[in-house]
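The values are calculated or read from the model by the stated rules, or taken from the named source; none is laboratory data. Just so you know, these numbers come straight off a predicted model, no measurement behind them. Because the Cβ atoms are built from the backbone with ideal geometry, glycine has one as well, and the counts that use them run over all protein chains shown. The area values use the complete protein model at the heavy-atom level, side chains included, leaving out ligands, DNA and RNA. Shrake-Rupley method; radii C 1.70, N 1.55, O 1.52, S 1.80 Å.
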Amino acid sequence: MHHPDAASPALTADVLIVGFGPVGKLLAIQLGRRGHDVVVVDRQRAGYPLPRAVTHCSDFARILQSAGLAPDTIPEITRPYDDMYVWRNGDGRTLVEVDWSGRGESGWYNTYFFHQPALEAALDEVIAGLSAVRVMRGWEAVRLSQDSGPAQDSGPAQDSGPAQDSDTVTVGLRAAGDGGRVDVTARWVVGADGANSQVRRWAGIDWHDEGYFHDWLVVDVKPSPSLEFPHVAAQSCDVRRPSTMVPGGPGRRRWEFMRLPHESKDELNRPAKAWELLAPYGITPDNAELERHSVYTFQAGWATRWRKGRVLLAGDAAHLMPPFAGQGLGAGFRDVMNLGWKLDAVLRGLAGDGLLDTYDSERLRHVIAFVRFSMDLGKVICISDPAEAAARDARMIADWAAGMKPPAPPRPPLGPGVHTGPAGGRLARQGRVRVRGVTARFDDAFGGPGALVARSAGTLGELPGPARAALGDLGIDLVVLSGPETPGVTVAEDADGVYTAWLDELAAEAVLVRPDFHVYGAGDDATDLATGLLTHLGADGALVRGPCRC
């Protein structure tokens with residue numbers, strides 16, 4: 001049931017994903033690898049061939065690692081940026097230097113620049129090896145209903161939204177070209193269909209708009225190798241033309257130029273204008289290829305809820321932010337990691353579907369922090385009034401001269417959900433461990449991040465057998481840093497001291513990490529941590545056990 005040339009009159013699936021962009025692809029991988037039947041539909045016959053997102057952070061890198069695409073294995077797609085991000089005014093004076101160097105707690109560099117089409121092609125290759133995933137390109141979702149019958153065609157706005165008590169969702173599809181029809185009935189539908197999400201509209205989910213709109217020309221170029229353009233990232237806060245210059249992945253560069261008040265979008269969105277704006281950087285048609293130029297309206301907002309009945313949202317369908325913090329696609333990937341393990345638990349009967357209510361309660365707080373941080377950066381950059389820009393420059397130059405650090409990206413915990421205590425909801429660390437003589441990153445050593453990590457075997461000694469088995473069903477390994485190896489418990493030597501130092505900071509003997517890289521909680525009693533998580537997932541404190549389909 002994989003990559004059909006034609007569709008049968010009716011299909012069924014555990015999960016139907018509408019939208020085969022990077023977010024839909026990653027979710028298909030996360031669910032398909034866990035053995036769930038997934039159908040993915042996209043109205044486009046082929047993937048988008050041009051760059052969009054160009055930067056990612058360390059936890060994004062860890063997510064790629066989980067998909068079998070660790071950054072150090074795909075240097076032709078993504079490249080670390082271990083340097084400063086310099087902001088200058090129109091006179092070339094430094095306003096601030098943002099430190100993008102070093103490694104994050106996820107064990108990868110803090111900043112990378114990548115080529116999105118190449119990354120999507122690599123995700124496609126992973127999906128091609130998953131027999132549980134069926135990809136239907138050239139099929140548009142045109143109807144949605146949440147009941148036991150087929151989706152009914154009720155016109156352009158089809159359906160007022162899914163009912164809350166149905167146990168399936170039916171989506172009607174129409175083929176591009178011949179207009180063929182097919183219904184897909186699934187236990188869950190995920191709308192990963194972008195900013196203009198039809199799934200969101202069908203579900204009747206409201207959108208909160210921050211009222212942020214700025215037009216920018218985005219230009220991607222491939223400089224000639226002989227040009228040897230420096231691997232630098234810079235922000236020009238020149239009131240005459242605010243602009244951004246960053247790497248665009250290996251062998252590419254990205255520029256972004258703000259539309260000025262007297263310009264129209266049509267004036268800006270011309271090849272001749274792109275070359276004119278690139279000329280001061282030494283980029284000409286003689287030494288570079290213009291891969292793309294397009295005017296985008298940067299926006300900010302979010303869906304007020306991400307679940308309604310059996311319909312869920314992810315990626316741009318759930319939130320939009322300006323690109324100044326480079327976190328748009330990263331936010332979508334974090335959605336997938338949060339949703340993926342929860343959908344898996346619900347589909348396998350390990351948790352009730354109330355667990356999915358914690359998807360938006362956890363993610364909304366986190367994503368709103370990044371939306372507003374991105375807007376704050378934009379308010380500094382998108383200034384076209386000379387007097388306002390002069391006041392900004394004076395303030396920022398004085399702050400930088402005084403040694404004031406630039407605003408750091410937010411590090412919000414997850415919102416209310418499946419976690420406990422001060423450590424709960426925070427991003428877990430990843431270090432290298434040595435298991436049976438082999439040293440590797442933790443996630444590679446254990447096939448994922450989910451683990452109850454304790455200093456010593458004694459900390460796990462009182463953990464009941466049913467709790468051990470239930471954690472195993474969820475993909476959570478039992479790991480100790482020292483002591484004898486016992487059945488079901490793996491000794492992992494702390495190769496670089498990352499976990500020992502982390503437990504010291506937490507003042508804890510053990511930390512329980514969920515399958516999405518986030519901490520459930522930390523403490524001295526491993527049994528309390530395990531039973532607490534299982535209580536969150538089960539009914540009346542009892543986890544319902546089910547067969548693992550992994």
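Things worth noting here:
- Using 0.36 nm per residue and subtracting the Cα-Cα separation, the extra length available between Arg137 and Thr304 on full extension is 57.2 nm.
- Computed from point charges on the beta carbon alone (+1 for Lys and Arg, -1 for Asp and Glu), the dipole magnitude for region 340-495 about its Cα centre is near 300 Debye.
- Mean sequence separation of contacting Cα pairs (under 8 Å, at least six apart), scaled by the length of region 45-153, corresponds to a relative contact order of 31 percent.
- Rolling a 1.4 angstrom probe over the protein heavy atoms with all chains in place gives the chain an accessible area of 40 Å² per residue.
- Reciprocal mean inverse distance between Cα atoms of region 260-382 - Kirkwood radius, Å: 17.4 Å
- Taking the chain and dividing mean pair separation by its residue count, relative contact order in percent (alpha carbons under 8 Å, at least six apart): 14 percent
- At R0 = 30 Å, FRET efficiency that the Cβ-Cβ distance of Ala279 and Tyr48 yields, to 0.05: 0.60
- Alpha carbon centroid spacing (whole Å) that separates region 113-132 from region 452-471: 37 Å
- Normalised per residue, the volume of the convex hull around the Cα set of region 1-115 (Å³): 154 Å³
- Solvent-accessible ranking of Tyr212, Tyr296, Tyr48, largest area first, probe 1.4 Å: Tyr48, Tyr296, Tyr212
- Spin-label zone in region 274-305 - amide nitrogen under 20 Å from a point set 7 Å from the Cα of Glu267 along the C-beta vector: 274-280, 293-298
- Sequence-ordered 3J(HN,Hα) estimates for region 314-327 from the Karplus curve with 6.51, -1.76 and 1.60 and θ = phi - 60° stand at 8, x, 5, 5, 9, 6, 9, 8, x, x, 5, 9, x, 10 Hz, glycine and proline given as x.
- Which labelled figure in (i) 0.95; (ii) 0.98; (iii) 1.07 is Rg/Rh (Cα atoms, Kirkwood Rh), once derived from the coordinates: (ii)
- For region 41-143, GluC sites (Glu not before Pro) meeting the loop criterion (DSSP other than H, G, I, E, B) and having at most 16 other Cβ atoms within 10 Å: Glu76.
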